[in-house]
Amino acid sequence: MFLSKHVLSSTHKALFQNLRLFSLPSNSHHVLSTHSRDTQLREALLQMALRGHDMNFQDYNTLLNECVSKRAFREGQRVHAHMITTNYFPCVFLRTRLIVFYVKCDSLTNARNLFDEMPERNVVSWTAMISAYSQRGYASQALSLFVQMLRTDTEPNEFTFATVLTSCIGSLGFVLGRQIHSLIIKLNYEAHVYVGSSLLDMYAKYGKIHEARGIFQCLPERDVVSCTAIISGYAQLGLDQEALELFRQLQDEGMQSNYVTYTSVLTALSGLAALDHGKQVHNHLLRSEVPSFVVLQNSLIDMYSKCGNLTYARRIFDTMHERTVISWNAMLVGYSKHGEGREVVELFDLMRDENKVKPDGVTVLAVLSGCSHAGLEDKGMDIFYDMTSGKIGVEPDTKHYGCVVDLLGRAGRIEEALEFIRKLPFEPSAAIWGCLLGACNVHLNVDIGKIVGHRLLEIEPENAGNYVILSNLYASAGRWEEVRSLRNLMFKKTVRKEPGRSWIELDQILHTFHASDCSHPRRKELSAKVQELSVRFKEAGYVPDLSCVLHDVDEEQKEKILLSHSEKLALCFGLIATPESVTIRVIKNLRICVDCHNFAKYISKIYGREVSLRDKNRFHRIVGGKCSCGDYW
DNA sequence: ATGGTGGTGT
């Protein structure tokens with residue numbers, strides 16, 4: 001709905017009109033006092049030993065609370081053991097507290113044993129155990145325990161619902177999630193903030209954003225969490241514009257924001273590549289003296305990188321006191337998408353040397369695709385062999401194999417790539433065949449391209465992109481008969497894909513274009529300007545690549561269609577509306593087409609402008625008629 | 001007296 005707007009001034013200008021300082025819990029107190037409290041705990045345990053049987057509920061409860069807050073496993077175990085050796089019979093409250101203690105100390109087995117041995121259970125003990133499973137990611141155990149709970153006629157309450165819903169995300173969860181929703185309505189908990197937050201989050205994560213919004217609107221009171229949940233719901237679905245619109249509105253209505261809220265806002269800004277707003281959020285965070293939480297810093301790294309500013313991203317990364325695997329991955333993905341292969345390899349080496357954080361599947365994926373995008377085939381293959389021989393500690397999955405196909409294909413080792421695919425221990429996916437088809441197209445290997453292409457059309461007949469690539473391949477080999485039959489096939493079988501859209505940020509306003517919509521106020525002027533540029537570029541050698549157009553029309557029409565591509569309009573707008581010294585930054589929601597890529601090169605060459613183009617796959621940095629992608633993307 | 005919701009990288 002908001003996406004079809006072309007001038008998005010309201011959202012963007014007003015994002016921080018209503019600046020509010022926000023506070024976060026500080027953890028410095030805890031760190032400083034650990035030592036003295038440890039002594040206290042040791043002292044208390046000594047007292048316990050001395051008192052023997054003379055311990056009551058209050059004494060045990062105090063001790064366990066200390067152990068829980070300090071995650072003091074050995075100490076808590078001693079308390080537990082003391083109950084047993086002194087024949088103390090803990091009540092349901094204490095047993096529940098013990099369960100929580102074991103959960104907090106990562107000992108689910110101990111917790112479950114205690115739960116199973118309980119002579120009586122109440123809704124709290126059930127909820128504690130269910131929550132243990134959901135927090136540790138054991139969704140099916142959490143759900144089956146919930147079902148068992150219902151069978152014992154224990155009625156769940158707002159606590160139970162809030163936690164069990166978080167386990168309804170996953171393969172079978174939605175059916176159950178809806179059933180639980182019915183039960184929530186029946187027992188009248190839908191309007192509870194915690195339950196509502198959890199519920200709307202579940203709907204959002206299944207893509208049901210309207211249901212989620214409905215639940216949010218019906219909440220009688222809102223808090224940071226419910227507001228953040230709905231904002232992040234939009235952001236996670238890529239509805240970035242809506243996420244920001246809602247953020248602004250809720251801020252006006254007095255919402256409190258915390259670091260999680262800002263993380264979600266940054267996600268939305270990354271999607272839009274709204275660098276100026278991203279900087280605003282960053283400044284805001286610095287001014288409000290927020291403790292630098294890793295999650296927030298990771299989000300900042302990703303924001304700067306997706307907004308095209310790797311230097312700032314790296315600056316955040318370098319100043320971090322603590323890094324998680326996500327910090328490394330965000331940085332590696334950033335370099336990879338910008339085609340900075342050497343930086344990828346260097347940073348990955350640093351990660352392995354430091355040996356503090358273990359790489360995961362995403363790490364290796366970023367490294368392999370970084371090598372691939374930068375043309376470092378040999379290095380990429382070395383890393384893949386390190387992986388298969390267990391040196392990295394990550395098992396390859398389908399995506400890693402896909403990267404290898406890409407590495408080989410890019411290097412023109414097409415036969416080898418095909419051999420590799422045939423030896424795979426699983427049925428190759430459409431994505432893998434697609435990689436090879438792209439390689440065949442670039443290296444003009446019609447024979448293998450034909451085999452691969454038709455295999456791909458069998459698996460994925462609805463994907464228009466496959467027809468386009470195969471058709472381009474046939475066209476470049478002059479096989480027009482095949483181009484024609486392919487085109488007919490395409491119009492019969494493909495589904496309409498997402499419409500192409502490009503945008504550019506100027507003075508904190510996003511200007512969005514797509515081919516079929518002419519509502520941008522300067523659209524006419526821009527179309528004429530694109531036309532004019534095309535003529536000028538032709539004199540310099542530009543030849544429109546008509547194979548990018550698959551419609552069955554004459555050449556003149558094809559050229560007209562090409563000139564209406566959204567990225568040309570956005571590029572052109574950048575050219576006329578920004579000063580010469582500024583990089584033209586354009587974002588495209590899909591892969592950029594060959595002709596627009598070429599057009600951008602001419603802009604950079606003729607006008608001496610630097611162009612930064614972010615498409616679905618990567619960044620293209622175009623300077624002096626040359627692109628950082630090496631014309632392979 | 002015991003239990004609960006939102007977040008970062010593909």
Consider residue A:171 against the criteria (1) within 22 Å of residue A:127 (Cβ to Cβ); (2) within 20 Å of the chain's Cα centre (by Cα); (3) open to solvent by 20 Å² or more (accessible area, probe 1.4 Å); (4) not β-branched (Val, Ile, Thr): it satisfies all of them except one. Which criterion is unmet? (1)
Inspect all residues belonging to the stretch A:608-621 and state whether any of them is open to solvent by 30 Å² or more (accessible area, probe 1.4 Å), among the hydrophobic types (A, V, I, L, M, F, W, C) and not assigned by TED's automatic domain parsing to the domain that holds residue A:441. no
Among the listed residues A:198, A:270, identify the single one that is touching a Ser or Thr at 6+ places or on another chain (Cβ under 7 Å) and within 11 Å of DNA strand B (Cβ to nearest atom). A:198
State whether the residues of the stretch A:493-513 include one that is over 27 Å from the mean Cα position of the chain (by Cα) and in a helix (DSSP H, G or I). yes
Among residues belonging to the stretch A:240-260 that are without any contact (Cβ under 8 Å) to a residue 60 or more places away in the chain and open to solvent by less than 20 Å² (accessible area, probe 1.4 Å), point out the one that is farthest from residue A:307 (Cα to Cα). A:255
If we keep just the residues of the stretch A:64-91 that are open to solvent by less than 20 Å² (accessible area, probe 1.4 Å) and within 10 Å of DNA strand B (Cβ to nearest atom), which is nearest to the chain's Cα centre (by Cα)? A:68
Can you name the residue in the stretch A:115-145 that is away from DNA strand B (no atom under 12 Å from the Cβ) and not acidic (Asp, Glu) and, of all such residues, is farthest from residue A:199 (Cα to Cα)? A:119
For the stretch A:146-186, what are the residues that are within 12 Å of DNA strand B (Cβ to nearest atom) and part of a loop (DSSP other than H, G, I, E, B)? A:154, A:155, A:156, A:157, A:168, A:169
Test residue A:265 against the stated conditions and say whether it is within 12 Å of DNA strand B (Cβ to nearest atom), assigned to a helix (DSSP H, G or I) and open to solvent by 40 Å² or more (accessible area, probe 1.4 Å). no
With buried (at least 24 other Cβ atoms within 10 Å of the Cβ), outside the structural domain of residue A:378 (by TED's automatic domain parsing) and in a helix (DSSP H, G or I) as the only criterion, which of A:277, A:282 stands out? A:277
Within the group A:468, A:446, A:452, A:404, which residue is closer than 24 Å to residue A:336 by Cα and among the β-branched types (Val, Ile, Thr)? A:404
Index of the failed condition, residue A:228 passing every other in (1) in contact with a helix residue (DSSP H, G or I) (Cβ under 9 Å, 6 or more places away or on another chain); (2) more than 7 Å from DNA strand B (Cβ to nearest atom); (3) part of a helix (DSSP H, G or I): (2)
Using beta carbons and a limit of 6 Å, which pairs, at least six apart or on different chains, have the first residue in the stretch A:47-62 and more than 16 Å from DNA strand B (Cβ to nearest atom) and the second one among the small types (Gly, Ala, Ser)? none
If you go through the stretch A:495-505, how many residues are modelled with pLDDT under 80 and buried (at least 19 other Cβ atoms within 10 Å of the Cβ)? 0
The stretch A:206-225: number of residues that are touching a Gly at 6+ places or on another chain (Cβ under 9 Å) and outside any loop (DSSP other than H, G, I, E, B): 6
Report yes if some residue within the stretch A:316-326 is within 20 Å of residue A:629 (Cβ to Cβ) and either more than 19 Å from the chain's Cα centre (by Cα) or surrounded by 23 or more Cβ atoms within 10 Å (Cβ to Cβ) (or both); otherwise report no. no
Members of the stretch A:207-234 found to be closer than 20 Å to residue A:173 by Cβ and surrounded by fewer than 17 Cβ atoms within 10 Å (Cβ to Cβ), listed by number: A:207, A:210, A:214
Considering only the stretch A:305-330, state which residues are under 21 Å from residue A:376 (Cβ atoms) and within 9 Å of DNA strand B (Cβ to nearest atom). A:305, A:328, A:329, A:330
Looking at this structure, is residue A:287 open to solvent by 30 Å² or more (accessible area, probe 1.4 Å), within 13 Å of DNA strand B (Cβ to nearest atom) and not aromatic (Phe, Trp, Tyr)? no
Please count how many residues of the stretch A:173-215 are in contact with a Phe, Trp or Tyr (Cβ under 6 Å, 6 or more places away or on another chain) and under 17 Å from residue A:142 (Cβ atoms). 3
Looking at the stretch A:549-587, which of the residues that are farther than 25 Å from residue A:521 by Cα and open to solvent by 80 Å² or more (accessible area, probe 1.4 Å) is modelled with the highest pLDDT? A:581
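The values are calculated or read from the model by the stated rules, or taken from the named source; none is laboratory data. Given the structure is predicted, the values throughout are model-derived calculations rather than measurements. Note that we place each Cβ from the backbone using ideal geometry, even for glycine, and neighbour counts take in every protein chain shown. When the accessible area is computed, the model is the full protein with side chains, heavy atoms only, and any ligands, DNA or RNA have been set aside. Shrake-Rupley method; radii C 1.70, N 1.55, O 1.52, S 1.80 Å.
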